[in-house]
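Just below is one structure, and these are the notes that go with it.
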Amino acid sequence: MVTIAHLVKKHIDCMPFLQEAMFKEIISYGNLADELQPAIEKELGKKVKTSAVIMALRRYAESLKFTKKKKFDFSSEIIMRTGLIDIAVLKSLNLFGILDKIYKIVDYEKGELLNIIQGTNEVAIITNNKYEKKVIDILKDEKIINVEKNLVSISMSYPQEFIHTPGIIFAVVRKLSWENINIYEIVSTFTELTFIINKKDLTRAYNVLNEVVNGLNF
């Protein structure tokens with residue numbers, strides 16, 4: 001049987017920002033109940049009292065507090081790189097041959113960066129600002145969708161077993177989003193997680209990831 005409590009949980013679980021606000025006890029249950037009530041009434045097919053929705057919200061909030069927390073030891077250093085650019089280009093039949101030329105211009109021994117992320121229809125090329133003109137010249141016959149400048153990367157690593165642990169990336173992204181930090185790209189490998197963000201957000205992002213490294217609870 002579907003109850004108000006079930007529907008409240010369903011709606012809140014779909015909105016991680018609300019869930020976080022409830023956990024931090026910084027939300028008005030009365031206002032939130034007013035917001036959820038129409039949808040709950042529609043799904044139940046009958047009118048419900050606002051007080052009943054508020055009660056369900058309070059009980060759900062209590063369950064969040066008492067949910068057993070998992071401790072994850074990232075034991076990671078945080079690595080930052082500044083002066084980056086993100087070039088988005090439309091996929092084409094010729095693009096993959098052209099990308100090989102871009103790989104050859106980057107000096108990896110000097111710590112320079114090149115990440116190429118392939119999507120279904122687009123490719124993102126993240127590299128140092130100084131290669132902007134060279135990369136665009138190499139792509140002159142391709143369709144460049146967007147060029148984003150003033151970017152930085154901030155990276156962390158984690159133990160191998162975390163690749164099989166649900167929620168790790170979500171938990172970190174949620175913390176960054178909570179601080180209103182916009183993420184342009186996410187680069188994830190077997191034991192490394194890198195976020196591409198605007199340089200204005202670097203200090204706040206570092207503080208967030210430093211909290212994660214020193215003990216992530218969720």
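With the structure loaded, tell me whether Val123 is surrounded by 14 or more Cβ atoms within 10 Å (Cβ to Cβ), touching a strand residue (DSSP E or B) at 6+ places or on another chain (Cβ under 8 Å), closer than 27 Å to Tyr158 by Cβ and at pLDDT below 95 or whether it fails that test. Steps first, please.
Numbers: surrounded by 14 or more Cβ atoms within 10 Å (Cβ to Cβ): yes; touching a strand residue (DSSP E or B) at 6+ places or on another chain (Cβ under 8 Å): yes; closer than 27 Å to Tyr158 by Cβ: yes; at pLDDT below 95: no.
No, not satisfied.
Can you pull out the residues in the stretch 167-192 that are buried (at least 16 other Cβ atoms within 10 Å of the Cβ), at pLDDT below 90 and more than 14 Å from Glu20 (Cβ to Cβ)?
Selection gives Ile168 alone.
Are any residues in the stretch 129-146 without any contact (Cβ under 8 Å) to a residue 24 or more places away in the chain and closer than 18 Å to Gly97 by Cα, and if so, which ones? Steps first, answer last, please.
Applying the first criterion (without any contact (Cβ under 8 Å) to a residue 24 or more places away in the chain) to the stretch 129-146 yields 133, 137, 140.
Hits for the stretch 129-146 are Asp137, Lys140.
Right, Tyr103: part of a helix (DSSP H, G or I) and surrounded by 13 or more Cβ atoms within 10 Å (Cβ to Cβ) or not?
no
Please go through the stretch 7-48 and pick out each residue that is basic (Lys, Arg) and under 22 Å from Val172 (Cβ atoms).
Lys24
Out of curiosity, is Leu209 touching a helix residue (DSSP H, G or I) at 6+ places or on another chain (Cβ under 9 Å), of a type outside the set (Ser, Thr, Tyr) and over 25 Å from Gly97 (Cβ atoms)?
Answer is yes for this residue.
Quick one: Asp86 ticks every box in (1) buried (at least 17 other Cβ atoms within 10 Å of the Cβ); (2) of a type in the set (Asp, Glu); (3) closer than 30 Å to Met22 by Cα bar one, so which box is it?
The number of the failed condition is (3).
Take Gly111 and decide whether it is under 26 Å from Lys200 (Cα atoms), exposed (fewer than 13 other Cβ atoms within 10 Å of the Cβ) and not polar (S, T, N, Q).
Yes, satisfied.
Tyr131 passes all but one of (1) aromatic (Phe, Trp, Tyr); (2) modelled with pLDDT under 95; (3) more than 24 Å from Asn210 (Cα to Cα); which number fails?
(2)
The values are calculated or read from the model by the stated rules, or taken from the named source; none is laboratory data. Quantities reported herein were computed from a predicted structural model and do not represent experimental measurements. Don't worry about glycine lacking a Cβ; one is built from the backbone with ideal geometry, like all the others, and counts go over all protein chains shown.
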